[in-house]
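What follows is a set of notes on a single structure, which appears directly below.
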């Protein structure tokens with residue numbers, strides 16, 4: 001069970017990092033990007049801001065041998081559902097105000113105001129860029145665009161590589177390398193972009209929440 005929860009945390013971490021892609025070398029202090037590389041980074045930023053919804057199955061594989069599948073649904077602004085298949089009991093829901101972490105087996109939930117989480121930067125109406133993320137590498141070729149990012153506030157935290165299908169640009173997978181060198185790759189299966197989403201999937205009134213519920217606020 002612990003390894004499955006670690007997989008969940010890894011995938012969510014990647015989604016959080018996506019939103020903090022930098023705009024330029026001046027903002028991050030990274031080495032000079034070529035004009036083509038800088039243009040690629042800006043294309044990714046525009047892509048994230050233009051994206052309204054995303055729905056996909058995913059397959060997650062780590063170099064330590066762990067494996068998981070599930071479904072992710074995003075509707076900007078403010079909504080996301082990230083759910084693993086059984087036997088992993090974890091469900092994550094952002095409802096526009098709060099972030100819910102729910103354990104189906106224990107019937108326990110934790111709530112956190114959405115704007116207090118890094119997730120907010122991804123699903124807010126305007127994806128804004130910060131000065132704490134560094135572009136480590138930009139690779140382009142054969143219809144694929146890869147951008148590797150690292151958090152400059154925590155260099156030891158590892159890096160994430162976003163992998164896009166190009167022409168047209170579309171997010172297809174990402175790979176996270178953590179501080180221990182473990183690589184976790186999440187591939188989107190049959191992703192659908194800008195499709196209608198049932199708003200009921202971002203509610204949690206039907207969940208059985210027990211006494212272990214925790215709410216955090218300012």
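The set of residues in segment 79-108 that are surrounded by fewer than 19 Cβ atoms within 10 Å (Cβ to Cβ) and outside any strand (DSSP E or B) comprises 85, 86, 87, 89, 96, 97, 104, 105, 106, 107. Of the residues that make up segment 46-60, is at least one over 26 Å from residue 143 (Cβ atoms), touching a strand residue (DSSP E or B) at 6+ places or on another chain (Cβ under 6 Å) and modelled with pLDDT under 90? No, there is no match, as no residue in segment 46-60 is over 26 Å from residue 143 (Cβ atoms), touching a strand residue (DSSP E or B) at 6+ places or on another chain (Cβ under 6 Å) and modelled with pLDDT under 90.
Inspection of segment 153-166 identifies at least one residue that is more than 15 Å from residue 74 (Cβ to Cβ), assigned to a helix (DSSP H, G or I), at pLDDT below 80 and touching a strand residue (DSSP E or B) at 6+ places or on another chain (Cβ under 6 Å).
Residues of segment 196-208 that are surrounded by 15 or more Cβ atoms within 10 Å (Cβ to Cβ) and either part of a loop (DSSP other than H, G, I, E, B) or modelled with pLDDT under 80 (or both): 197, 204.
The values are calculated or read from the model by the stated rules, or taken from the named source; none is laboratory data. Predicted model, so just to flag it, every value in this text is computed and none were measured. All Cβ positions, even for glycine, are placed from backbone atoms using ideal geometry, and neighbour counts span all protein chains on display.
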